[in-house]
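For reference, the structure discussed in these notes is given below.
Read-outs: derived from the displayed coordinates by stated rules, not from any lab. This structure is a prediction, so every number in the text was calculated from the model and none was measured. Using ideal geometry, Cβ is built from the backbone for each residue, glycine included, and neighbour counts are taken over all protein chains shown.
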Amino acid sequence: MKKIYSLLLILSFATGGLMAQVKTTNSPLLAKGPEITFESLVIDYGTIEHNADGYREFKFTNTGSEDLLISTCTGSCGCTVPECPKEVIAPGQSGAIKVKYATNRVGQFTKNVTVNSNATNGTVTLTIKGNVLPDPQ
């Protein structure tokens, strides 16, 4: 019984020590790596005319400490076509994910763009929404 108690005591100290290391603000695990920070995760087109300009941009900055590389940008359907930068984004540099929505589709819409990169903050989901008016003809 003393062995089990001793083992539990040792494990609790070891675990407590690890938790303290993770919470430290100077931890290299928290400070290293690329991080993608968007100005906004949602773009609202509002109410727009049929066949209006469907292009919009999600602006972002690499707020991390290493180069950011965006591997893929995927629209949730064929009516939402994203274009992501192919070049490396250095720390402190900015870029944009360009999105084109097919504004020949009438009615309200909410679509997503999934951005995959080497960022430490993981996969990001961007949203576009709005309402396309009917063709006046």
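Brief remarks on what is shown
- Residues listed by number, the range 116-135, amide nitrogen under 20 Å from ILE48 label point at 7 Å toward C-beta: 125-135
- Once backbone amide H atoms are built at 1.01 Å from N, ILE43 has THR127, ILE128, LYS129 as its partners under 5 Å, excluding neighbours fewer than 5 places away on the same chain.
- Mean Cα-pair separation over length for the range 32-132, i.e. relative contact order, pairs under 8 Å, 6 or more apart, %: 36 percent
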